[in-house]
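*Asks:* Here it is, the structure in full.
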Number of protein chains: 2
Amino acid sequence: MTVASKTVSDVIHSHFGVLTRAEKQLAESLLDNYPVSGLGSITTIAENAGVSTPTVVRMVQKLGFKGYPDFQAHLHQEVEATISNPIAKHDRWASNAPGTHILNRFADAIIDNLRQTLTGLDTATFDSVATLLSDRKRNLYFVGGRITGALAEYFFTHMQVIRPNTALLSANSSSWPQYVLNMNPGDLLIIFDIRRYEQELVSLATAAKNSGAEIIIFTDQWASPATKLARHTFRVQIEAPSAWDSSVVTLFIVEALIEAVQNSTWDETKERMKTLEGLFEQTRLFRKLG
Amino acid sequence: MTVASKTVSDVIHSHFGVLTRAEKQLAESLLDNYPVSGLGSITTIAENAGVSTPTVVRMVQKLGFKGYPDFQAHLHQEVEATISNPIAKHDRWASNAPGTHILNRFADAIIDNLRQTLTGLDTATFDSVATLLSDRKRNLYFVGGRITGALAEYFFTHMQVIRPNTALLSANSSSWPQYVLNMNPGDLLIIFDIRRYEQELVSLATAAKNSGAEIIIFTDQWASPATKLARHTFRVQIEAPSAWDSSVVTLFIVEALIEAVQNSTWDETKERMKTLEGLFEQTRLFRKLG
DNA sequence: CGCACACTGAAAAAATCTTTTCATGACAGT
DNA sequence: ACTGTCATGAAAAGATTTTTTCAGTGTGCG
């Protein structure tokens, strides 16, 4: 196909000589603010150029396109190419791996997840959550499902070092009521609920909310039903070339939050970490002596 | 106009919670490769998303647009804005964030870690480990440190579904000897040991090796001392703009391994997952009856 | 001046796109 | 099990866009 390799702009330029007066006028209009000016309907661009619609049809056919829709399809492709993903998706990852190795496919998927998640993530939300988590007066409760429990634990372990008043709810829901019993207004319940949303988590969230607790949810693009109860929601892209979902991006956000919280109260945290160091030392000593 | 100031993407995200299944599907399709995917006719985008055209109309109206043409006009404006502003192209991460937001700095760091880790990772090692983990005759033992315990748990939880003979060693080292006692030659001990290498893990690894177990280690670029005892080592880049190390890439490798193992024995795994589904169902039933 | 030819846009026709209507099916609550 | 509600897409109706037709206009040339 002669048209395929060249840009529409090239085609217009190369045909400029054979264009009639009205067509030239149209071409000028198209080239001005190219390629966006060609995005609308034939009626629109005809009006913008001050020519009739038949003129548009005649010109695009003269340029070698089948008709206006064909012309526009080419333009769309160009727009896509112009806007397309700036993160070099096919950057040589593991250089000694064949392109289809699972590691590479996974890497592509994760990058894509990361990009999409970040695009859809409001930094204001992130900052608000970080501020809430930094408030030491609020008790923090972490809970996850069967798979996401490990993420809840990871988050909890770090926050426990950084600040007081943190708790990890076990995966077993039978112990949850006791925690809810102790929740005060302003406390935070951080829920991880992905894919197979667990009905019990909705119940937990409802109960917590009734106690005045605020709810923060990490969920997937399809959104857990508990989302309705949440003050803040992180919608994470979890697609992976696998039968399982990917938690990589969720972990990414968790780590970023950890840093944000820690950073906002660094002096205090530093003290706590020193103390913790000392405690570890003592434990080790105990063992040696014992 | 309320819609005018926000991007279409924002509007979609903010309404995501109230969208129905088909609408979410459509929203996903639109957001994927946004905003180019919304350039075509309503028929085209409905087809691409696998929904009907009425669904498209209903959704855009739900989002606050007057109709599809109105929706598309907004999209065109955005495309125009994006194209005419080349700087916007370069930070399509969290597009509403200043370049120095922690999320962006973290994203950069993670991408870098991923790239470096994959460059230094031999796919042959990966494949060998996947093969070892797929061998159901070998018992699998997972163990992690204080922070990495969650990763060990995550790995364990998945492998437990995929295959029999898996065990998670608690963070508390006092129970370890019993596990070692039961290790047979050929069994696998998967160790997560990052940064503050825990001396006890070396002891564990030594004991396990004496029992004939093979050792697989996830560690950082400085390498845990237990590495010497390992048959296979994953050296992961863990740098982050934070006081803490990042486990994101480690999790990435874990997930890729999960998929590789699962994939190598899919038929068997599928059966197991079905059975598990049934068991969950029963548990739920028990609860309702009880 | 008259004729031939090409250019152009109004208007009609054809094609396509957009919206509305409506029947169906799924599902939650009683 | 029954009922009402909601989501969904097929199909019809409506609106718009695209293409074609065709008549009017202008220009060049004998």
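The values are calculated or read from the model by the stated rules, or taken from the named source; none is laboratory data. Just so we're clear, the structure is a prediction, and the values are computed from it rather than from any experiment. Here Cβ is always computed from backbone atoms with ideal geometry, including for glycine, and neighbour counts include all displayed protein chains. Side chains are part of the model used for accessible areas, which takes the heavy atoms of the whole protein and leaves out ligands, DNA and RNA. Shrake-Rupley method; radii C 1.70, N 1.55, O 1.52, S 1.80 Å.
*Asks:* Remind me, relative contact order of region B:105-278 in percent, using alpha carbon pairs under 8 angstrom and six or more residues apart? If you can, show how the numbers build up before the last one.
*Replies:* Values: 269 pairs, mean separation 44.6, N = 174.
Rounded, it is 26 percent for region B:105-278.
*Asks:* Given R₀ = 45 Å, FRET efficiency for B:THR265-B:GLN77 by Cβ-Cβ distance, to 0.05?
*Replies:* 0.30
*Asks:* Determine the shielding of peptide B:114-123 by partner chains: average, over its residues, the number of Cβ atoms on other chains within 10 angstrom of each Cβ. Write down the numbers at each step before the final one.
*Replies:* Details: counts 8, 6, 0, 4, 11, 6, 1, 5, 3, 8.
That average works out to 5.
*Asks:* With a/c under 1.5 counting as rounded, go ahead and sort region A:104-282 into rounded, prolate or oblate using the C-alpha gyration tensor (a ≥ b ≥ c being the square roots of the eigenvalues; past the cut-off, prolate if a/b is larger than b/c, else oblate). Don't skip to the answer; put the middle values down first.
*Replies:* Numbers: a/c = 1.62, a/b = 1.19, b/c = 1.37.
Because a/c hits 1.5 or more and a/b fails to exceed b/c, region A:104-282 counts as oblate.
*Asks:* Continuing with this model, one more query. Rounded, prolate or oblate: which one fits region B:11-77, using the alpha carbon gyration tensor with axes a ≥ b ≥ c (rounded when a/c is under 1.5, else prolate when a/b beats b/c, else oblate)?
*Replies:* Because its axes are fairly even, with a/c under 1.5, region B:11-77 counts as rounded.
*Asks:* Then there's this: Calculated FRET efficiency, A:THR44 and B:ASP112, Cβ-Cβ r, R0 51 Å, to nearest 0.05? Working shown, then result.
*Replies:* Values: r = 45 Å, r/R0 = 0.88.
Approximately 0.70, to the nearest 0.05.
*Asks:* With each pseudo-label sitting 7 Å past Cα toward Cβ, what's the B:LYS274-A:ARG272 distance in nm, one decimal?
*Replies:* Distance between label points: 4.9 nm.
*Asks:* Pulled fully out, how much extra length does the chain show between A:SER211 and A:ASN165, if you take 0.36 nm times their separation in residues and subtract their Cα-Cα distance?
*Replies:* 14.9 nm
*Asks:* Spin-label point model (7 Å from Cα, Cβ direction): what's the B:SER128 to B:ARG146 distance in nm?
*Replies:* Roughly 3.3 nm, to one decimal.
*Asks:* Could you sort B:THR275, A:THR7 by their accessible area in this structure, using a 1.4 Å probe and putting the largest first? Don't skip to the end; give the middle numbers.
*Replies:* Values: B:THR275 85, A:THR7 50 Å².
Descending accessible area places them as B:THR275, A:THR7.
*Asks:* Multiplying the sequence separation of A:ASN184 and A:THR53 by 0.36 nm and subtracting their Cα-Cα distance, what value in nm do you get? Spell out each step's value before the answer.
*Replies:* On the way: separation 131, 0.36 × 131 = 47.16 nm, distance 6.78 nm.
That works out to 40.4 nm of additional length.
*Asks:* Using the per-residue mean of other Cβ atoms lying within 10 Å as a proxy for protection, in what order, highest first, do the peptides B:246-257, A:13-24 fall? Don't jump to the answer; show the numbers that get you there.
*Replies:* Values: B:246-257: 26.2, A:13-24: 13.6.
So the peptides B:246-257, A:13-24, ranked by packing, come out B:246-257, A:13-24.
*Asks:* A follow-up question, please. Suppose only helical runs count, i.e. DSSP H with n ≥ 4. What mean residue ellipticity at 222 nm does that imply for chain A under -39500 (n - 2.57) per run, divided by all residues and rounded to the nearest 500 deg cm²/dmol? Numbers along the way, then the final one.
*Replies:* On the way: 13 runs with 160 residues, N = 290.
The per-residue figure over chain A is -17000 deg cm²/dmol.
*Asks:* When each copy gets a label point 7 Å from Cα toward the beta-carbon at B:THR125, what are the spacings between them in nm, shortest first?
*Replies:* Going from nearest to farthest copy, the values are 3.7 nm.
*Asks:* Using a 10 Å cut-off around each Cβ of peptide B:106-113, what is the average number of partner chain Cβ atoms that fall inside?
*Replies:* Working: counts 9, 9, 0, 3, 9, 8, 0, 0.
Partner-chain Cβ atoms within 10 Å, mean over residues of B:106-113: 5.
*Asks:* Let me ask something else about it. For A:THR265, which inter-copy label distances result when the label point lies 7 Å beyond Cα on the Cα-to-Cβ vector, reported in nm to one decimal and in ascending order?
*Replies:* From this label point to the equivalent ones elsewhere in the assembly: 4.7 nm.
*Asks:* Can you list the copy-to-copy distances for B:HIS15, using a point 7 angstrom from Cα toward Cβ, in nanometres, shortest first?
*Replies:* 3.8
*Asks:* Return the average number of partner chain Cβ atoms within 10 angstrom of each residue Cβ along peptide B:255-267.
*Replies:* That average works out to 4.
*Asks:* Take the residue pairs A:LYS274/B:LYS209; A:LYS137/A:LYS228; B:LYS137/B:LYS209; A:LYS270/B:LYS209; B:LYS137/B:LYS274 and return only those whose Cα atoms are more than 27 Å apart. Intermediate values should be presented prior to the final figure.
*Replies:* Details: A:LYS274/B:LYS209 35 Å; A:LYS137/A:LYS228 25 Å; B:LYS137/B:LYS209 17 Å; A:LYS270/B:LYS209 39 Å; B:LYS137/B:LYS274 22 Å.
Where the Cα-Cα span goes over 27 Å, the pairs concerned are A:LYS274/B:LYS209; A:LYS270/B:LYS209.
*Asks:* Go ahead and run the numbers for FRET between A:LYS66 and A:LYS24, Cβ-Cβ distance against an R0 of 25 Å, rounding to 0.05.
*Replies:* Details: r = 22 Å, r/R0 = 0.88.
Efficiency computed from Cβ-Cβ geometry: 0.70.
*Asks:* Also: Could you give the angle, 0 to 90 degrees to the nearest 10, between helix A:68-83's Cα long axis and the longest principal axis of the Cα atoms of chain A?
*Replies:* Helix A:68-83 and the main axis of chain A meet at about 40 degrees.
*Asks:* For region A:213-276, what does the alpha-carbon gyration tensor say about shape, rounded, prolate or oblate, given a ≥ b ≥ c as the root eigenvalues, a/c under 1.5 as rounded, and a/b over b/c as prolate?
*Replies:* Working: a/c = 3.55, a/b = 1.71, b/c = 2.07.
Oblate, because a/c is 1.5 or more while a/b does not exceed b/c.
*Asks:* Same structure again: State the extension gain, in nm to one decimal, for the chain segment bounded by B:ARG196 and B:ARG231, taking 0.36 nm per residue of separation less the distance between their alpha-carbons. Show your work: numbers first, answer last.
*Replies:* On the way: separation 35, 0.36 × 35 = 12.60 nm, distance 2.14 nm.
Separation in residues times 0.36 nm, less the Cα-Cα distance, equals 10.5 nm.
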